[in-house]
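Everything on this sheet refers to the single structure shown next.
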Amino acid sequence: MKKMFLFVVLIFSTYSFSQKMITRSGEVKFEASMPAFEEVAAKNNTASCIFDKSTGEIAALALVKAFRFKVPLMEEHFNENYIESDKFPKATFKGKVTNFDETKLSSGKVTFDAEGDLTLHGVTKKVKIKITFLQSGEKLVATSTFKVKPLDYNIKIPSVVKSKISESVEIDLKFDLEKKV
């Protein structure tokens, strides 16, 4: 009976002191426009992210078909021809925020380095990014902006539209993280 009680107390204490923050409504935007041509940009408002404040581990997932463009035909080409979303339905990042220090959050926005594996179009690459955190009440807002090259992820851009799409795609992330319940 004592062992069972101890086990329940350990499970409860681990759960109650959990440092995990989560969202299922994160925002991922990308921009690949070239001046004087039609805008090549999309937004996804259903990305998931989990962040463990005690270890700095972070993981994010975006379903590729959830990206919305202003022009439906562009969205169709993106899914069928470029990113091949039926074959590669997810984009993921799994890594670690290095030297995360929760005590620094009281001073406003704080930026840390993060590194990990970005998987896109079935290709995984090591990336280093900057991630900014802001404590907003009970929420922890995480934002980041970084660039990737489609060529690095075996995303082929047809020569007929190559001049209309940037060689580097800017990605903006925003996650309003809440304590995991």
Report summary line: Checked segment 56-83 for anything touching a strand residue (DSSP E or B) at 6+ places or on another chain (Cβ under 7 Å) and basic (Lys, Arg); matches are Arg68
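Going residue by residue through segment 1-23, is there one that turns out to be of a type outside the set (Gly, Ala, Ser), at pLDDT below 90 and either under 21 Å from Phe112 (Cβ atoms) or in contact with a Ser or Thr (Cβ under 9 Å, 6 or more places away or on another chain) (or both)? Steps first, please.
If we filter segment 1-23 for residues that are of a type outside the set (Gly, Ala, Ser), which is where we start, we get 1-12, 14-15, 17, 19-23.
From what is left, the residues that are at pLDDT below 90 are 1-12, 14-15, 17, 19.
With the extra rule that they be either under 21 Å from Phe112 (Cβ atoms) or in contact with a Ser or Thr (Cβ under 9 Å, 6 or more places away or on another chain) (or both), the set shrinks to 17, 19.
Checked against the condition, which is being of a type outside the set (Gly, Ala, Ser), at pLDDT below 90 and either under 21 Å from Phe112 (Cβ atoms) or in contact with a Ser or Thr (Cβ under 9 Å, 6 or more places away or on another chain) (or both), segment 1-23 yields at least one hit.
If you check Ser48 against the conditions, is it modelled with pLDDT of 95 or more and open to solvent by 20 Å² or more (accessible area, probe 1.4 Å)? Let's see the steps before the verdict.
Details: modelled with pLDDT of 95 or more: yes; open to solvent by 20 Å² or more (accessible area, probe 1.4 Å): yes.
So Ser48 passes the test.
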Requested in this report: Write out, first by first residue and then by second, each pair whose Cβ atoms fall under 6 Å of each other, whose residues are 6+ apart or on separate chains, and whose first residue, in segment 141-158, is more than 30 Å from Glu178 (Cβ to Cβ) while the second is of a type in the set (Gly, Ala, Ser) and open to solvent by 30 Å² or more (accessible area, probe 1.4 Å).
Outcome: Lys149/Ser168
Requested in this report: State all residues of segment 148-181 that are loosely packed, with under 13 Cβ neighbours inside 10 Å, basic (Lys, Arg) and either assigned to a strand (DSSP E or B) or touching a strand residue (DSSP E or B) at 6+ places or on another chain (Cβ under 8 Å) (or both); if no residue qualifies, say none.
Outcome: Lys149
Query raised in the report: In this structure, does Val64 turn out to be at pLDDT 95 or above and open to solvent by less than 70 Å² (accessible area, probe 1.4 Å)?
Result: yes
Query raised in the report: How many residues does segment 101-117 hold that are touching a residue at least 12 places away in the same chain (Cβ under 8 Å) and within 10 Å of Phe133 (Cα to Cα)?
Result: 7
Query raised in the report: What residue, among those in segment 28-40 that are open to solvent by 20 Å² or more (accessible area, probe 1.4 Å) and not in a loop (DSSP other than H, G, I, E, B), is farthest from Ile157 (Cα to Cα)?
Result: Lys29
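The values are calculated or read from the model by the stated rules, or taken from the named source; none is laboratory data. Because the structure is a prediction, the values reported are computed rather than measured. Note that each Cβ is placed from the backbone with ideal geometry, even for glycine, and that neighbours are counted across all protein chains shown. Heads up: the accessible areas ignore ligands, DNA and RNA and are worked out on the full protein's heavy atoms, side chains in. Shrake-Rupley method; radii C 1.70, N 1.55, O 1.52, S 1.80 Å.
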